[in-house]
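The values are calculated or read from the model by the stated rules, or taken from the named source; none is laboratory data. Computed from a prediction, not measured in an experiment: that's the story for all the values here. With ideal geometry, Cβ positions are generated from the backbone for all residues, glycine too; neighbour counts draw on all protein chains shown.
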Amino acid sequence: MEEKNTNNRTIPLQALNALQEEESMRREEHAESSSSGASFHSEEYQYFFPDEFEKGLHISEAERENARRLIRRGEIRLRQFYTGTETFSRTNEVLGEALFTLSDPSGYPVPYNLDMIFSRTKVIMSRCSMPDCNPREDSRSYLHRTMCVHEAAGLLLAEDYLREHPELDATTPDMSRFMRDVESLRGTNLRHPEDSRRVMLRMEPLLSLLSSGTLLLSFRIGASRMYKIRDLEEFLNNMTRRQEMAFGKKTVLKMSPDYLDETSLRWYRFFVAARKADQSLRDSLADAGRRLPEKPDSIVLSGYTLDNFLRTAEGRTMQLKEPREGSRQITVSGEPYSPHLDLKPDIHSETGALEGVILSGRLPRLFTGAETACCLAGDKLYILKEEMQEGLESLYQAASYQYRLNMRVGRIRMGEFYHKILPALRQIADIHEEDPDLINGYLPPEPVLTVYLDYDNGLVLCRPEAAYGREVFSMTDLIDWNEKTSAAGTQDQYRDRDSEKQVLRQLETYFPHYDRTLRILYNDADDDLLFELLDHGLDELLSLCEVRTTDAFRRLGMQKPVKFQMGISLESNLMNLSVTSRDVDEEELLNILDQYRKKKRFVRLRNGNFLKLENNESVDRLSRMMEELHLSLRDMTAGKMHIPAYRSLYLDKMLEGQADIYADRDRHFRKLIQEFKTVSDSEYDVPGELESIVRPYQARGYQWLRTLDHYGFGGILADEMGLGKSLQTLAVLKATAEEEAEDETRPKLSLIVCPASLVYNWLEEVRKFTPDLRAAVITGTASARAGQLREIREKQNQDILITSYDLLKRDIQEYSDFRFRFEIIDEAQYIKNHSTAASKSVKLIHADTRYALTGTPIENRLSELWSIFDYLMPGFLYDYSSFRDELEKPIMKQGEEAALERLRRMVAPFILRRCKKDVLTDLPEKIEETHFAGMDSRQRKLYDAQVVQMRNTIRSQDDSDFSRRKIEILAELMRLRQICCDPDLCFSNYRGGSCKTEMCMDLIRNLIDGGHKTLLFSQFTSMLEILQTKLDAAGIPYYLITGKTPKETRLKLVNQFNRDETPLFLISLKAGGTGLNLTGADSVIHYDPWWNTAAEDQATDRAHRIGQTNVVTVYKLVVKDTIEEKIIDLQNRKARLAEDILSGDAVSSSTLTREELLEILS
């Protein structure tokens, strides 16, 4: 087939037709085999129904005609129509919003708006802000029955627009932008076929200066031709939505930041930020009942908007339009600017006499922002530097109408002006002087103010004078003006009294007395005033005048900082300390410290010099060091001071980096410090029999314990549970027993004190690791125990005694004749309360060295740490009242970092703590999971009723009532926790279920099915009884340990569980949370969260410890929206204390405040 075109040319179409036919057949085959084509609904679809909009609005034909007349005259036009989801749409449907521009009859936009919002079928909101249209106060109210003419016109325009654009559907603008962006990334943007040929747009700023002095900024945009942007809000919306915008009747430009060149994009970003700032300003003014006039085409440049404009515009040239002067080009310049001012003689028109001078000129127009300012001078808008702004401020305040200056200086004050003011003025302005020679002939000499100072026999003398050329005046004339000392000639009226008075006022501060006869000021032996004069007064005077001094005065002075020497030597268990200084003798040194502690500002030395004590770092350090070592001035007067050797490590820490305190340490002291810094390099070898089982970190712990013992110190081995504290301790006992076997001066017997549940566990550890050490458990009746101890004392047939805290306090009298080589307390938190009998009894034991073993030396209070150290090294943390006042209260109540750091430095050398994650790289992972259960309605009602009752009780109490009835409150709190566990714990007639019990039983079954062995801990033994009943009914075997389980039975059950196939071990938290080795289990369930997370961690570590080969999973069972969740939150917030001291954490219900309890119950 061939056809002819309009030029009568033959075009061959056969190949093209064949190709098209082939594609048509392929498309038909694809449609038949594809389900998508068959299911496509091709019927006509529209989202908006504009023909329905007018129903129910009752618009008359006359109103409709008025509306069309408004449209024809161009007084209203549709600026934008877009879709979106409005918050007031309860159905979350997509609505349409139409924005309109209103104009006056001449076509110029007016500062009023019309917005209309449409559902698919009706108008649901209309807002017209024209004053004449809506007489009500709120112009944004919902649509009423009678529409104004603008609303009617807007409705007609919106209807026409939607009929012309049936493609509008429920696609929201954000999705349109997203689709467009993705399409653009794929390189198939089909928004406009001409996009590939589009010329980049330019956006240019235009400045306008109103007659009111307001600076406005507008913009124009275009490519080859530029167009003024008459509605910035419409422009911003179009740019944001990347839509077209009309400029005049023929030009339509596609708006998008993508089409702007680099400079224009910078201006666009400025514009967006400025519009936000402008809107915020308008909103804040509207809240205050004020309004700014609407300027749809411009932005007011003020505040931060002006600051940002100057930063953006610096170095750029733009158009400026001024009233009555037209337009011109200006450049925004960062160059320095100084205004031009004239200074000329003021000659009397009739007499020809010089009356003074006139300063005149015209300042440029000034515009101030929030941080910067600028001025318009010539063809430049100068950005003023900060110092220039400050200087020009006083000039602008003095200027009159149109920034004009015309100020006179009278003849008498010419001297003051030329000598003081004019030099400063020249820094900010160019001054043109007319006839300077004439003026100079009338200027009085510039004054030279001088103060003469002398010191004589306790009197400090001062004579101030003012010299004007050759004539000299005493400044004391201003005190007693009737006496004249000047020669005739120069008149007093030309004196610079202000400057003289300023000096005199300063002198009267330091010289309170005045002698009229001698015309001098003086200070009569007032050291405080003399100190202030020397410390800062002379510098103040030198800024005002010259100062001349006699040799006697110059011999007075401020003493340079005093340096101290500290001599330190170590002898036996005492450290000898002496403090001296090359700058002062011993007596003056004591006086310096005494005056410093009395908060004196200075001390006067024998040589007359003053030593400033305020902010004196060297004196402060020495004084603080003595206070922290609890040394008094009386101790210093005795010569060498003797303090316990355990202070050596703390003193060495305090001296680190103290350049103004030189320390002369003897070799014994240096050796002690070095050995503690290099414990791992010590000469203490692990006993041969234990080398193969002791891990490297345990060897270091052993060496650390031996180093402490060598110097007679005690210490806390605070390793995390499961790291083998008992093995490290037994290694020390074995090595010491072997090395001191022939030493008759050393006792051979050691004492281990532990909780009753661990007594036999310790015996097993001794037999396992050190079978050659003879160990005996002190047990039985009181008489049997007394007999045991008598036999051991007489026969000396044991190396280790093991007893419990409870039995020790009962038998303490029986131990009075014993002297032990080591006293070791295990689970040392048992003596955290220093007032209990258990705490007092361990401190009465006579032992060469004391150790404490605990994974939690701090559970709730710092006093617990004090109690352990009071056992280890009495006095190390002072007496308790001093510890409480100096450390505990500042740390706990004021949160003082300095006190916390001081405590940390003191105890750090005597606490060794390692965590499993740091040292046991081969230990299997520990996984923690929290399982939440939700109460049913019956259990929730019981819980909520208890909460309401408790909350009302606590709120009705003041702090004193709360403290007095705290035991009752804690009992109610316990009841609340029991309801979470199982209401059967506290309500015998409860017939409902327990969400946690059911969840726990399901978890146990799942663990058994998975072949896991599990430890289940609960604080409540009665809860374990409820679980026993359910386990028995389910036929699940288990073991049980509570506080009633005999000690021998506990060890037997532990060994059986680790060997046999029993899948579950029920353990009460207090009875079995410590000392047991249950590595046969690989799962741990904490049935109820305990206040103290350390107790939970201890329980978990019965399984997660050395010897465990499987991953250990820990399950915490928590009831949702109850006190149990709040307990966990509170634990996390209070965990910082122990972490700051030694990386632990804990909290106790007994330490809860009234506010914390109310928070838990909220």
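Observations
A quick yes/no check of all residues on (1) closer than 21 Å to ALA313 by Cβ; (2) without any contact (Cβ under 8 Å) to a residue 24 or more places away in the chain; (3) touching a strand residue (DSSP E or B) at 6+ places or on another chain (Cβ under 7 Å):
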| residue | (1), (2), (3) |
| --- | --- |
| GLN397 | no, yes, no |
| ARG404 | no, no, yes |
| ARG413 | no, no, no |
| ASP430 | no, no, yes |
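- So ILE812, is it part of a helix (DSSP H, G or I), at pLDDT 90 or above and either within 57 Å of the chain's Cα centre (by Cα) or not assigned by TED's automatic domain parsing to the domain that holds GLN728 (or both): yes
- Residue in the stretch 101-117 that is modelled with pLDDT under 80 and more than 22 Å from ASP231 (Cα to Cα) present: no
- Listed by position, the helices (runs of 4 or more DSSP H) contained in the stretch 1051-1148 that have at least 1 residues being of a type in the set (Gly, Ala, Ser) and modelled with pLDDT under 80 are 1069-1072, 1093-1100, 1136-1142.
- Hits in the stretch 273-308 - residues which are modelled with pLDDT under 90, part of a helix (DSSP H, G or I), of a type in the set (A, V, I, L, M) and out of contact with any Lys or Arg (no Cβ under 7 Å at 6 or more places or on another chain): ALA273, ALA274, ALA277, LEU281, ALA286
- Test result for THR509, touching a residue at least 24 places away in the same chain (Cβ under 8 Å), among the hydroxyl-bearing types (Ser, Thr, Tyr) and either outside any strand (DSSP E or B) or in contact with a Cys (Cβ under 8 Å, 6 or more places away or on another chain) (or both): yes
- LEU1007 vs. criteria under 35 Å from the mean Cα position of the chain (by Cα), crowded, with 18+ Cβ neighbours inside 10 Å and assigned to a helix (DSSP H, G or I): no
- Only one of GLU61, GLU75 that is modelled with pLDDT of 80 or more, more than 28 Å from THR171 (Cβ to Cβ), out of contact with any strand residue (DSSP E or B) (no Cβ under 8 Å at 6 or more places or on another chain) and among the charged types (D, E, K, R): GLU61
- Looking only at the stretch 376-395, and only at residues there that are part of a helix (DSSP H, G or I) and in contact with a strand residue (DSSP E or B) (Cβ under 8 Å, 6 or more places away or on another chain), the one that is farthest from GLN329 (Cα to Cα): LEU395
- Beta carbons closer than 6 Å, at least 6 apart along the sequence or on distinct chains, pair a first residue in the stretch 931-953 that is without any contact (Cβ under 8 Å) to a residue 40 or more places away in the chain with a second that is in a helix (DSSP H, G or I) and surrounded by 13 or more Cβ atoms within 10 Å (Cβ to Cβ) for GLN946/LEU976.
- Some residue of the stretch 541-557 being within 30 Å of MET873 (Cα to Cα) and without any contact (Cβ under 8 Å) to a residue 24 or more places away in the chain: no
- The listed residue being modelled with pLDDT under 90 and surrounded by 13 or more Cβ atoms within 10 Å (Cβ to Cβ), out of SER750, SER804, SER757: SER757
- The listed residue being assigned by TED's automatic domain parsing to the domain that holds GLN1108, in contact with a Lys or Arg (Cβ under 9 Å, 6 or more places away or on another chain) and either farther than 22 Å from VAL1118 by Cβ or free of Cβ contacts under 8 Å to residues at least 60 places away in the same chain (or both), out of ILE1026, ILE1036: ILE1036
- Test result for LEU877, assigned to a helix (DSSP H, G or I) and either more than 30 Å from the chain's Cα centre (by Cα) or buried (at least 18 other Cβ atoms within 10 Å of the Cβ) (or both): no
- Scan of the stretch 205-232 for residues that are farther than 23 Å from LEU366 by Cα and either of a type in the set (S, T, N, Q) or not in a helix (DSSP H, G or I) (or both), ordered by number: ARG220, ILE221, GLY222, ALA223, SER224, ARG225, MET226, TYR227, LYS228, ILE229, ARG230, ASP231
- Flag for THR836 being free of Cβ contacts under 8 Å to residues at least 24 places away in the same chain and surrounded by 14 or more Cβ atoms within 10 Å (Cβ to Cβ): yes
- Flag if LEU923 is touching a Gly at 6+ places or on another chain (Cβ under 9 Å), in contact (Cβ under 8 Å) with a residue 60 or more places away in the chain, surrounded by 14 or more Cβ atoms within 10 Å (Cβ to Cβ) and not in a strand (DSSP E or B): yes
- Only one of the numbered conditions (1) of a type in the set (D, E, K, R); (2) in a loop (DSSP other than H, G, I, E, B); (3) exposed (fewer than 13 other Cβ atoms within 10 Å of the Cβ) is violated by ARG914, and that is (3).
- Single match in ARG767, ARG785, ARG793 (criterion: among the basic types (Lys, Arg), crowded, with 16+ Cβ neighbours inside 10 Å, assigned to a helix (DSSP H, G or I) and more than 52 Å from the chain's Cα centre (by Cα)): ARG785
- Looking at PHE962, PHE932, just one residue is part of a strand (DSSP E or B) and assigned by TED's automatic domain parsing to the domain that holds LEU1117, and that residue is PHE932.
- For the stretch 710-758, a residue qualifies if it is in contact (Cβ under 8 Å) with a residue 12 or more places away in the chain and of a type in the set (S, T, N, Q), and the qualifying residues are SER726, GLN728, THR729, THR736, SER750, SER757.
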